[in-house]
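> To start, I am sharing the structure in question, which I have written as structure tokens.
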């Protein structure tokens, strides 16, 4: 049975709907939660893919959060081995940084729902194509990555052009959060640190809730197709062969 490695940074930012899709494929998930295990240093060689989730920290925090350096080394090794990598929000920023691209503060934070414009490359991409030409997606970030030099730019918004990229055939960075569901969005809106960030930037929780009711069903349908295409890159789980007892005597 194949295993996927997942890097999580805070309890409030789990796999969301992606968890169910991975398990439905029959993959086992190994979580490394750096909030609980800041000194963890997993051996990535036995895993068939890596997913790096979001978090409130940023790439430049590595002097205070040594696990970010551990994560970047793991990403680099996965890339070297040609294994699928998916970075979401902070995870995408770490992937971009490993590939030599700068990560800076965006001129304005994006919090809530934004129209995502898919580039021509994105519309023909094996993973991102289900998003069509323009799709509303959920965002929550203040920093952004630049598109790495050898990567393909897949999506943008009006307030943050670098939204998605592909490097090689199987490494993807998404600035946005396709993994959200209503319960997870509500959790963020009620988490004190997230709520304070929203208010500091003039956001409105009720406006986000209203937009969520309009857009979440459509985004979840598209997310299932996008994540399914990424999991296709991971491949089918390797099933353990169970032999009849007579083979052992």
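Laboratory data are not the source of any read-out in this text; all were calculated from the coordinates shown. Predicted model only: the values in this text are computed from it and were never measured. Counting neighbours? That spans all protein chains shown, and the Cβs are built from the backbone with ideal geometry, glycine included.
> Could you put 160, 204 in order, starting from the residue whose Cβ has the fewest other Cβ atoms within 10 Å? If you can, show how the numbers build up before the last one.
Numbers: 160 20, 204 13.
Fewest to most other Cβ atoms nearby, the residues stand as 204, 160.
> Then there's this: Tell me whether the stretch 3-238 comes out rounded, prolate or oblate; compute the Cα gyration tensor, take square roots of the eigenvalues as a ≥ b ≥ c, and use a/c under 1.5 as the rounded threshold. Can you show the working numbers first?
Values: a/c = 1.33, a/b = 1.18, b/c = 1.12.
In terms of gyration-tensor shape, rounded.
> Tell me, in nm to one decimal, what length is gained between residue 161 and residue 64 on full extension, where the rule is 0.36 nm per residue of separation less the Cα-Cα distance?
32.0 nm is the gain from fully extending residue 161 to residue 64.
> A follow-up question, please. How would you rank 190, 209, going from fewest to most other Cβ atoms within 10 Å of each one's own Cβ?
With the fewest neighbours first, 190, 209 line up as 190, 209.
> While we're looking at this one, here's another question. Residue 129 to residue 187: extension gain in nm, 0.36 nm per residue of separation minus the Cα-Cα distance?
Between residue 129 and residue 187, full extension yields 17.9 nm more.
> State whether the stretch 98-139 is rounded, prolate or oblate according to the following rule on the C-alpha gyration tensor (a ≥ b ≥ c being the square roots of its eigenvalues): a/c under 1.5 gives rounded; otherwise a/b larger than b/c gives prolate, and the remaining case gives oblate.
oblate
> Pull out the extension gain between residue 81 and residue 33, defined as 0.36 nm times the separation in residues minus the alpha carbon to alpha carbon distance; nm, one decimal.
Taking residue 81 through residue 33 to full extension adds about 15.0 nm, to one decimal.
> Using the beta-carbon distance between residue 41 and residue 19 and R0 = 22 Å, what value does 1/(1 + (r/R0)^6) give for FRET efficiency, to the nearest 0.05?
Efficiency computed from Cβ-Cβ geometry: 0.40.
> Please check which bits of the stretch 1-20 a label hung off residue 201 would reach, taking the label as a point 7 Å along Cα-to-C-beta and the cut-off as backbone N under 15 Å.
none
> Now for a separate question. Would you calculate a helix-derived [θ] at 222 nm for the chain, using -39,500 (n - 2.57) for each DSSP H run of n ≥ 4 and dividing by the full residue count, to the nearest 500?
Details: 7 runs with 84 residues, N = 249.
My calculation for the chain gives -10500 deg cm²/dmol from helical runs alone.
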